[in-house]
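Down below is the structure, laid out as structure tokens.
Rule-based calculations on the coordinates, nothing more; no lab input. Everything numeric in this text was worked out from a predicted model, so none of it was measured. FYI the Cβ positions are ideal-geometry reconstructions off the backbone, even for glycines, and counts take in every protein chain you see.
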Amino acid sequence: MARRPKYPCRHRGCSALVDGPGYCSEHAAEAVGWHRVHQRGNRHQRGYGTEWDKIRARILRRDGYLCQCEDCRAEGRPLRATEVDHRIPKSRGGTDDDGNLRAINRDCHRRKTQRESRAARQG
């Protein structure tokens, strides 16, 4: 049986060959959405361990499992909340205090995070 040919790594200038189309192990982090645990840290290292699980449950109960984002409140029909959001992101000095946390719908949370990321990239 014939062997399948190897593919070149997608990283520009890399001469490594891989079994399927993609990146070699050295450049695997360039694949969209893929992060090495030692670069990003696991959830406990990032501050989202057991204590965060307790805080999250308390905030969801406090807000009645309803989304508290600006869009849902303006429309007067909040969606079901499954996540907890930092009003001021931890990356900008936000804390895990109850006043900085709110229940939020998954889709609303993604939109808010995208807006924040876009603003951070634009400077």
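Annotation for the stretch 14-113: trypsin sites (Lys or Arg not before Pro) lying in DSSP loop with at most 15 further Cβ atoms inside 10 Å of their Cβ are ARG36, ARG43, ARG46, ARG87. Where the alpha-carbon atoms of the stretch 37-109 are placed on the principal axes, they occupy 42, 22, 21 Å, in descending order. The chymotrypsin sites (Phe, Trp or Tyr not before Pro) of the stretch 23-123 meeting both criteria, a DSSP state outside H, G, I, E and B (loop) and at most 15 other C-beta atoms within 10 angstrom of the site's C-beta, are TRP34, TYR65.
A Cβ-based charge dipole, computed about the Cα centre of the chain with Lys and Arg at +1 and Asp and Glu at -1, lands at about 300 debye. Treating the Cα atoms of the chain as identical point scatterers in vacuum, please give the log10 of the normalised Debye intensity I(q)/I(0) at q = 0.12, 0.20 Å⁻¹, two decimals. With one equal scatterer per Cα and no solvent, log10 I(q)/I(0) is -0.65, -1.14.
Between SER25 and ARG115, the modelled labels are 4.3 nm apart [label points 7 Å from Cα along Cα→Cβ]. Taking label positions 7 Å along the Cα-Cβ direction at both ASP97 and LYS6, the computed distance is 5.7 nm, reported to one decimal. Listed by chain and number, the lysines whose C-alpha is less than 22 Å from the C-alpha of LYS54, apart from same-chain residues fewer than 8 away, are LYS90.
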